[in-house]
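Here the structure comes first, spelled out in structure tokens, and everything after it is commentary.
Every number in this text was worked out from the coordinates using simple rules, so none of it is lab data. Quick caveat, the model's predicted, so the values are computed rather than measured. Quick reminder, even Gly has a Cβ in these numbers, built from the backbone with ideal geometry, and neighbours come from all protein chains shown.
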């Protein structure tokens with residue numbers, strides 16, 4: 001166990017940040033899942049910018065890699081465009 005005050009503080013900060021990052025990541029994954037499951041073009045078109053913004057925010061804060069976000073956005077855009 002850590003003995004220094006600063007080390008104890010870092011442990012607390014890491015726990016808090018980890019919890020927040022997990023929440024954001026899980027929320028984005030659920031949004032991607034919901035968009036993939038959507039078969040209504042109008043609804044999917046409305047969801048796409050929101051999901052893309054979520055993925056961009058995750059990338060900005062280094063929760064996911066930028067290439068992963070790019071691949072997901074590309075696949076989701078293809079899905080939305082293929083809907084009729």
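Tell me the label-point distance for the pair residue 68, residue 42, using the 7 Å Cα-to-Cβ offset, in nm and rounded to one decimal.
3.5 nm
Given labels modelled 7 Å from the Cα in the Cβ direction, how far is it in nm from residue 4 to residue 23?
Distance between the two pseudo-spin positions: 3.0 nm.
Against the longest alpha carbon principal axis of the chain, how many degrees, from 0 to 90 and to the nearest 10, is the axis of helix 41-60 turned?
Taking Cα atoms only, the helix is inclined about 30 degrees.
So how tilted is helix 5-37 from the main axis of the chain? Cα-based, degrees 0 to 90, rounded to 10.
10 degrees
Identify which of 27, 14, 59 has the largest mean-square fluctuation in a Gaussian network model of the chain, with springs joining Cα atoms closer than 10 Å.
Largest GNM mean-square fluctuation: 14.
Using Cα atoms only, what is the angle between the long axis of helix 66-82 and the major principal axis of the chain, expressed in degrees (0 to 90) to the nearest 10?
20 degrees
In percent, what relative contact order does the chain have, based on Cα pairs under 8 Å that are 6 or more apart in sequence?
Rounded, it is 31 percent for the chain.
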